[in-house]
Structure formats: C-alpha cells, structure tokens
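The values are calculated or read from the model by the stated rules, or taken from the named source; none is laboratory data. Just so it is clear, the model here is predicted, and its values are computed rather than measured. Note: ideal-geometry Cβ built from the backbone for every residue, glycine included; neighbour counts use all protein chains shown. For accessibility, only protein heavy atoms count, side chains too; no ligands or nucleic acids. Shrake-Rupley method; radii C 1.70, N 1.55, O 1.52, S 1.80 Å.
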Amino acid sequence: GGLHFVRQCLPALERMLAYFVQRRDSRGLFKLDDVGAHWYYDAITTSGTNGYYNAFFCKAACDLAEMERAAGRDQQAREYAALAASIKTAFNRVFWKEDAPGGPRYLDWIDAQGNEVSYFCDLCQWPPIAVGLAEPEQARKIVATADARIAELEKEYGYAGYAGLSALWPVPQHLNPHPWQTFGRYMNGGSLLCQTYWEIVARSRAGDAAGAARRLKQFAKRAAEIHWAG
C-alpha cells in the first residue's frame with residue numbers, strides 16, 4: 001500500500017546512501033577521517049572505521065534493495081544487495097577479533113591512525129547481531145563474552161541487570177575527556193535505555209531467548225518501580 005510513497009522517496013534515499021558509498025575505504029567500509037568526529041551520543045570521540053556506522057550502512061543497503069525491488073527496479077535492487085553483501089564480508093573480515101581481551105567480539109572501531117578500540121561499546125556489538133551482520137557462531141560468541149563479563153560486574157559492582165550497559169569494560173582514559181564519567185556512569189558503563197532494545201533483539205537473534213527474556217523482564221520490573229525517571 002505504500003509503494004507510491006516508496007517510489008517518491010527512492011531518489012532521496014539513494015543520494016543519502018551515496019554519501020556513505022563515496023566514503024568507503026580500501027577495505028570496503030565507511031570511514032571517518034577526522035579524529036573526534038561526531039558520535040551517536042556525546043562524550044565519545046571516535047574516528048576511522050566504526051562498527052556502529054557500518055552496521056547500519058549495511059542495513060540501509062539491504063532495506064534500499066528491498067524497496068527498489070518492490071518498485072520494480074530490479075537492476076538497482078541487485079546493486080544494493082551486492083553492496084550490502086560486500087559490506088558484510090568486509091565487516092567480518094576487518095572487525096572480528098577472536099582473541100580480544102575478555103573474549104571474542106567485534107572491535108568497536110579502528111581509529112584514523114589504525115589503533116584498535118575494544119571495550120564492548122554496546123552500539124558496536126549488539127546492532128551488528130541484530131541487523132544480521134554476525135554469523136550465528138560469532139553472535140553466540142559475543143553473547144558468551146558479554147555474559148562472562150556481566151557475571152564479573154554483578155559481583156564487583158552489584159549490576160542488577162535492569163538495563164543494558166553502554167560499555168562492559170572501562171572506556172580507555174584517552175577517549176574519555178570527562179573525569180566525572182567514571183566507570184559505571186553514562187556512556188562509560190552506565191545504562192542507556194534505548195540501547196537495551198538492541199541487546200534484547202541481538203540476544204534473540206543469537207538464539208539466546210532466555211537472556212533476551214531475562215533482560216526484558218528486568219527492564220519491565222524496574223519500569224514498574226521507578227518509571228525510569230530521574
């Protein structure tokens with residue numbers, strides 16, 4: 001029923017995605033050249049090749065392929081499907097870190113100087129699973145890495161599991177310019193409610209239905225107690 005709307009929007013959507021296509025690096029991933037480039041939420045200075053941006057770059061290409069196909073534009077649909085496939089291949093080749101400290105997972109990002117950043121930034125770990133970039137075995141390994149670290153945080157910090165955490169390990173000091181953001185606060189291991197969604201979806205897609213249900217129940221329990229206010 002929305003095909004007319006889709007056809008109207010396709011030129012604008014193609015131009016928007018072209019911004020990212022034109023800024024792919026030699027590995028086939030979207031890259032930011034500037035150090036300290038803007039981030040999804042404030043206080044994180046990222047640069048280079050970022051897992052979050054590239055996960056949704058791939059998702060956008062998949063969605064655009066679907067819309068082009070619905071509009072009868074088969075050639076364009078094939079091109080965007082091929083783009084999505086190439087991003088997925090590059091993503092898993094570049095970001096996957098089997099021997100990451102604490103357990104296998106994706107790198108959060110590789111900065112403009114080529115330095116690897118890996119503290120389990122929630123935005124860079126859960127969305128790639130949720131949107132289908134991670135292979136099933138990779139997804140299971142990321143969940144296992146998260147659960148092992150969460151067990152430590154429960155003992156060390158009393159983490160109750162009401163909401164997902166923005167980081168499972170402390171943000172490296174040189175990336176955290178605000179001294180008040182000690183580990184456990186805000187983007188440095190605190191809880192960001194919107195990101196709990198991605199953890200629940202990712203756990204479900206990884207086959208961890210029990211873990212997804214547990215997080216959702218805890219989230220709902222806390223909402224009933226405090227309405228997530230304050």
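Screening Leu10 against (1) touching a strand residue (DSSP E or B) at 6+ places or on another chain (Cβ under 9 Å); (2) over 22 Å from Ala90 (Cα atoms); (3) modelled with pLDDT of 95 or more leaves a single unmet condition, (1). Flag not set for Gln195, criterion: within 20 Å of Glu154 (Cα to Cα), polar (S, T, N, Q) and at pLDDT 90 or above.
Restricting the first member to the stretch 151-166 and to residues that are assigned to a helix (DSSP H, G or I), and the second to residues that are at pLDDT below 95 and open to solvent by less than 60 Å² (accessible area, probe 1.4 Å), the beta-carbon pairs closer than 7 Å and six or more apart or on different chains are Tyr157/Gly184. Select from the stretch 163-190 the residues that are open to solvent by less than 60 Å² (accessible area, probe 1.4 Å) and either farther than 19 Å from Ala148 by Cβ or of a type in the set (A, V, I, L, M) (or both) and list them in ascending order. The answer is Ala163, Leu165, Ala167, Leu168, Val171, Pro172, Leu175, Asn176, Gln181, Met187, Asn188, Gly190. Restricting the stretch 118-131 to residues that are open to solvent by 10 Å² or more (accessible area, probe 1.4 Å) and outside any helix (DSSP H, G or I), the residue that is nearest to Tyr52 (Cα to Cα) is Val131.
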